[in-house]
Amino acid sequence: MRPLVTRLLCLCFSAALLCAVVEVGAQQGPAAQPDPRVGLKAGFRDAGTAARNMELVRNLPKPEGFFDPNAPFGKPSPPERQPGAPGSQPAPPAAAEQPPSQPGTPPQQPQVNTLSFTNSDLAFTRHHVIMGNYHGFNTYNIEDPNKARLLTSVVCPGGQGDVSVHGNLLFMSVQDLRGRIDCGVQGIQTAVSAERFRGIRIFDISDLRKPKQVAAVQTCRGSHTHTLVPNPKDKSVLYVYGSGTSAVRSGEELAGCSGEQPDKDPNTALFSIDVIEVPLAAPQNAKIVNRPRIFADPTSGAISGLWQGGNHGPDTQSSRVTSQCHDITVFSEIGLAAGACSGNGILMDISDPVHPVRLDDVVDKSFAFWHSATFNNDGTKVVFTDEWGGGGRPRCRAIDPPTWGADAIFDIVDRKLRSRGYYKMPAPQTEQENCVAHNGSLIPVPGRDIMVQAWYQGGLSVFDFTDSEHPVEIAFFDRGPMDAKDLYSAGYWSTYWYNGYIYGSELARGIDVFKLKPSEFLSQNEIDAATLVQTNELNSQDQKKIVWPASSVVARAYLDQLARSKGIQAERASAVKAALDRVDKVRSARDRDAAAVRGQLDALAMQLEGDAGAAAGRDAVRLKSLAATIKGRTASLR
């Protein structure tokens, strides 16, 4: 479908932009065969599906109470009108995510059946996945992912319902005006109310079947998303970065809240984030301890120091003024955070989590709204996403530029962001499918940077960005649109890898579970090595350093990568494979063959280190990693 994209773009964009589009499109490579995602049958429960190099192993629909039985997948979105057309009106907020309110905009109640029952983000704890929803959250038992089942449902309206887990505590974002401190479903009818809640809820989930709300931290703009930030110096305290994107509430409802511009009120709630301190032994005492001005101009001190809104010139995107972050991802072990903040991507030093310091900031002429961020495992790259259209509009059509509503891949060089490339799910979608880049996570394949990502009704896409300038799709799953005529907001909000499986929160259809299948792009050894990485907790916005065990499976994964890139001599590869086969038969250092096998592997490790010295780039790194893994493997035999 790439030639079609290029031909249509010729009609719409300047020659300069077309050159950039063709170059980026070439990075992903032309499809070797017709893309099966094109032309899928529409349907709610019976939509057509297409998959490559992965399989759907489980689907669970939304439980009762989390959809309107009279409109189980909501109401259709009205047609999008062209700006400036006779009688045109601005399109209403997308069903999936409300665009941030502009300062001074009167808050409005969300529409029932449009936002009220939308599935949102995922968090994992032990053998359970918790899926947020604008109406509360649902917990599923995934001890056997192939037989995942609903454990419990908690009704607690307030949107958008993003969730995170730390030990026995569950954190939940609340932004809607209908949110109540007591989780009631009756909403709030008055403009100012002591019963309204907008901020971060904290639940005790010691008993997952009976969560108990133990704290509710009120914030001026509510919480659209949040990020858990460990305290490296004090394990008894956890911090939460709250990102509010809604209109500022009245100071009559919450003291100290002001939505004025900085020139009128320097203490405005705009142009900041909330830093919440949570004493883990007494979470009921959680409180805001700082509202850092992370967008300030370092020279003038002006708190509105980043992107001022507007476009970047002809044939570029328009983006909002940077007065908030949508998502912040932290990588505490390296002391960095990446913020996707309206009109900017920012890199921060969080060695002192209460006082984050901006290290760098970037803009991108192809980005409309900086949405989320993901580091690679080395902390040398960041993938930023652009939620062009707010998540509720079709932005993956053949006429849409492949750098708009896409991922921008940045290398981190000397703690600065350097633009390298773009990635966008390559299959053209229809006018009836909301589609744009959304949430994803790393898949822990050693030696490679691989990510699974949600694209709403564009399905999910697994891509390799080891080469920042040339990302490549390696697997996908997609359904047809909800309806053949109208656009209903649906598709994947988040898709995350957890302990060997991929989990997807589908806005309208429930939760899906997937497994990867080996292919020419990803070997079974690489999948098995990724599956070796087991964790008891996962919050995608709080990345942890992944460390692989020194196992034969990991060594074979490196061998497969070196064979794929022709980075190892055939004789050497055969010798390593044979030695690994031998060592797998040795049970302990006391076995008769242990010493001989250990000697063989030690010799091979030295040879591989020599090969690495003569190699370059990723092959050199993989050869070193293979040698180190072999050394670790032999250590158990000493």
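Which Rg and Dmax, in Å, describe the Cα atoms of region 424-476?
Radius of gyration, then largest Cα-Cα span, for region 424-476: 11.6, 39 Å.
So how do Lys210, Lys416, Lys566 rank on accessible area, 1.4 Å probe, biggest first, that is with the largest at the start?
Lys566, Lys210, Lys416
Over the chain, what is the relative contact order in percent, taking alpha-carbon pairs closer than 8 angstrom and at least six residues apart? Intermediate values should be presented prior to the final figure.
Values: 1619 pairs, mean separation 84.9, N = 638.
Once divided by the residue count of the chain, the mean separation gives 13 percent.
Within the chain, what's the longest stretch lacking GluC sites (Glu not before Pro) that sit in DSSP loops with no more than 11 other Cβ atoms inside 10 Å?
Values: sites that count: Glu64, Glu143, Glu252, Glu520.
For GluC sites (Glu not before Pro) (loop position, at most 11 other Cβ atoms within 10 Å), the longest site-free span of the chain is 253-519.
When the convex hull of the Cα atoms of region 258-402 is projected onto a plane and the area is averaged over all directions, what value comes out in nm²?
So the Cα hull casts an average projection of 11.4 nm².
From the alpha carbon gyration tensor of region 449-515, can you work out the equivalent ellipsoid semi-axes (sqrt of 5 times each eigenvalue) and give them in Å, largest to smallest?
23, 15, 8
Could you size up the charge dipole of region 253-356 around its Cα centre, putting +1 on the beta carbon of Lys and Arg and -1 on that of Asp and Glu, and report it in debye to the nearest 20?
It works out to roughly 100 debye.
Where does the Debye-calculated log10 I(q)/I(0) of region 374-428 sit at q = 0.21, 0.24, 0.32 Å⁻¹, using only Cα point scatterers of equal weight, no solvent?
-0.77, -0.89, -1.24
List the lysines whose Cα lies under 28 Å from the Cα of Lys210, skipping any in the same chain that are fewer than 8 positions away.
Lys210 reaches Lys62, Lys147, Lys235, Lys287.
Where the Cα atoms of region 202-248 are projected onto their three principal axes, how long is each span, largest first, in whole Å?
Extents along the principal axes, in whole Å: 35, 32, 14.
Can you tell me which of 297-309, 441-453 comes out highest on packing, and rank the rest after it, using the mean Cβ neighbours within 10 Å?
Output ranking for 297-309, 441-453: 441-453, 297-309.
Please report the projected area of region 213-310's Cα convex hull averaged over all directions, in nm².
7.9
Please list, short to long, the whole-number percent of alpha-carbon pairs of the chain in consecutive 10 angstrom bins beginning at zero.
Calculated over all Cα pairs of the chain, the distribution is 3, 16, 26, 27, 17, 8, 3, 0, 0 percent.
Mind checking region 375-448 for chymotrypsin sites (Phe, Trp or Tyr not before Pro) that DSSP puts in a loop (not H, G, I, E or B) and that have at most 12 other Cβ atoms within 10 Å?
Passing sites in region 375-448 do not exist.
As a quick test, which of the pairs Lys41/Lys515; Lys517/Lys544; Lys424/Lys631; Lys75/Lys544; Lys41/Lys381 have an alpha carbon distance above 28 angstrom in this structure?
Check vs 28 Å cut-off fails for Lys424/Lys631; Lys75/Lys544; Lys41/Lys381.
Accessible surface of Leu150 in the full protein assembly, 1.4 angstrom probe, to the nearest 10 Å²?
Taking all protein chains as shown, Leu150 has close to 70 Å².
Beyond 20 Å, what share of the Cα-Cα pairs of region 487-638 remains, rounded to the nearest whole percent?
58
Where a Cα-Cα gap under 18 Å defines reach, which aspartates and glutamates qualify for Lys577, not counting those fewer than 8 residues away within the same chain?
Glu526, Asp528, Asp560, Asp593, Asp602, Glu609, Asp611, Asp619
Largest first and to the nearest Å, give the Cα extent of region 263-347 along each principal axis.
Here the spans come out as 55, 34, 23 Å, largest first.
Among the complete DSSP H segments of the chain, which ones combine at least 15 Å of alpha-carbon extent along their axis with a mean Kyte-Doolittle hydropathy of 0.5 or more?
Qualifying helices, which must be both long enough and hydrophobic enough, are 15-28.
Round to a whole angstrom and tell me the spacing of the C-alpha centers of region 135-165 and region 470-521.
18
Let's see if you can work this out: charge +1 on each Lys and Arg Cβ, -1 on each Asp and Glu Cβ, no other charges. What is the dipole magnitude of the chain about its Cα centre, in debye to the nearest 20?
Roughly 1220 debye for the chain.
What translational diffusion coefficient, to the nearest whole µm²/s, does region 297-347 have by Stokes-Einstein, given a Kirkwood radius computed over alpha-carbon pairs, a temperature of 20 °C and 1.002 mPa s viscosity?
174
How big, on average over all directions, is the shadow cast by the Cα convex hull of region 327-445, in nm²?
It is 7.6 nm².
The values are calculated or read from the model by the stated rules, or taken from the named source; none is laboratory data. Since we're looking at a predicted model, the values are computed, not measured. Cβ: placed from backbone, ideal geometry, glycine included. Neighbour counts: every protein chain shown. Please note that ligands, DNA and RNA were not included when accessible areas were found on the heavy atoms of the full protein model with its side chains. Shrake-Rupley method; radii C 1.70, N 1.55, O 1.52, S 1.80 Å.
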